[in-house]
Amino acid sequence: MDELILELKNEIIETLNLEDMQPDDIDTDAPLFGEGLGLDSIDALELIVLMEKNYGIKLRDASKGKEIFKSVRVMADYIEKNRTK
Amino acid sequence: MIKSWVKITDKSVTLNGQMMDFPSYGNALLTEIYRSKVKDYPKFFKMDALCKLGFLGSELVIQDENTNRFVPREDRAVILFNRSGSLNADVNFQATLQPDDFFPSPALFVYTLPNIITGEIAIRNKYLGETSFYVLEKKDSETIASQIVASFQDNITKSVIGGWVDCVDENNFEAVMFLCYRDEENKLHEEIKNILSK
C-alpha cells in the first residue's frame, strides 16, 4: 500500500503540474480538494483520466469522485480494490 | 500614451527597451521569469505556453506601472492579437486523442482557445472591462493599433493591456505587450505601431 501511495503522489504531481512539490509535501490523509492541495474541477477530471489510464478504472458515476478523492490514502485504497491493470 | 511595454521572445526579454537578464531559453525562460518576477500564482504551471507568455507579459507591464493592483476596475481592457491562435495547445491536445491511446486531457482542452489568456489576465487583476483576442493572418500593426485606439470610444475604457502574443510551440514564441492610456493628442496609433515594430 505504501508503495502505491508513493506512486500515486508522483503521478498526481506530474499529471497536475504541481511544480516545486515533492511526494513528502502531500499529506497522505489531507483532503485533495478545498483546504488540502487546493485542486480545482479540471484537476478532478484529470484524476479521473489518470485512474482509467494507469489503473484501468472507469469512473462512470462522477459523483463517486467526491468520496474517492477524499485523500491520497482513500484513493490508493480504492485503486487497490478496483484496478484492472 | 504608452506607459510601459515588454518584448518576450524565446531568447530574450526587454522591458521598456532595456534588456532583462534571464539566461534561460524557450519554455525554461518562461519559468525563470515567473520564479523571478511573479512567484505567487501557482496556476501559472497549469497554463499552456501561449497563456504563460501572455500572463508574464501582462505581469511585467503591470508591475512596471507600480500602482495599487487587484482592485476591481471597469476602465481597463485587455485586447490581444496573434497569428497562431491556440495551435500549440491544439496539437498537444490532439496527441492525447490517439485511437490506441485515447485519454483526452481536460487540462489541455481548457487551453484550446487563445482568448483564455485575456480571461486569465482579467481574473488575476480583477479587470471588468472589455476582453478580446483577435487572430490575424500576420502581425499587422495598423490593424492592431486601430482596434486598440477604437476601444477607447466607449467612454468607459481608460487604459488597455494590449499587444501581440504568438506561440508556435514551447520554444518558438514572441510577445510584444504594452499598457496604454487614452490619448487626447492622437499619438497612440503611431506609438503602438512603433512598439510593435521593435
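The numbers here are math on the coordinates, done by the rules we state, and not lab data. Values in this document were obtained by computation on a predicted structure and should not be read as measured data. Cβ placement follows ideal geometry from the backbone for every residue including glycine, while neighbour counts extend to all protein chains displayed.
Restricting attention to the range A:69-85 and to residues that are in contact (Cβ under 8 Å) with a residue 12 or more places away in the chain and closer than 22 Å to A:N17 by Cα, the residue that is farthest from the other protein chains (Cβ to nearest Cβ) turns out to be A:R73. Annotation note: Cβ proximity below 9 Å between a residue of the range B:46-58 that is more than 14 Å from chain A (Cβ to nearest Cβ) and a residue that is in a helix (DSSP H, G or I) and of a type in the set (D, E) (sequence gap 6+ or interchain) occurs for B:G54/B:E120; B:F55/B:E120; B:S58/B:E120. For the range B:6-19, the criterion of being free of Cβ contacts under 8 Å to residues at least 12 places away in the same chain, at negative phi and of a type in the set (D, E, K, R) is satisfied by no residue at all.
Output yes when any residue across the range B:66-75 is surrounded by 14 or more Cβ atoms within 10 Å (Cβ to Cβ), more than 14 Å from every other protein chain (Cβ to nearest Cβ) and in a helix (DSSP H, G or I), and no when none is. For the range B:66-75, residues surrounded by 14 or more Cβ atoms within 10 Å (Cβ to Cβ), more than 14 Å from every other protein chain (Cβ to nearest Cβ) and in a helix (DSSP H, G or I): absent.
If you check B:A175 against the conditions, is it within 15 Å of B:K52 (Cα to Cα) and either of a type in the set (F, W, Y) or crowded, with 18+ Cβ neighbours inside 10 Å (or both)? I'd like the intermediate steps shown before the answer.
Details: within 15 Å of B:K52 (Cα to Cα): yes; either of a type in the set (F, W, Y) or crowded, with 18+ Cβ neighbours inside 10 Å (or both): yes.
So B:A175 fits the description; yes.
When A:L6, A:L45, A:L16 are checked against the criterion of being within 14 Å of chain B (Cβ to nearest Cβ), closer than 30 Å to B:Y34 by Cα, touching a residue at least 12 places away in the same chain (Cβ under 8 Å) and not hydroxyl-bearing (S, T, Y), a single residue qualifies: A:L16.
Table: residues versus (1) within 14 Å of chain A (Cβ to nearest Cβ); (2) surrounded by 19 or more Cβ atoms within 10 Å (Cβ to Cβ).
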{"residue": "B:N82", "(1), (2)": "no, yes"}
{"residue": "B:G85", "(1), (2)": "no, no"}
{"residue": "B:A89", "(1), (2)": "yes, yes"}
{"residue": "B:L97", "(1), (2)": "yes, no"}
{"residue": "B:L128", "(1), (2)": "no, no"}
{"residue": "B:T143", "(1), (2)": "no, no"}
{"residue": "B:D154", "(1), (2)": "no, no"}
{"residue": "B:K158", "(1), (2)": "no, no"}
{"residue": "B:V168", "(1), (2)": "no, no"}
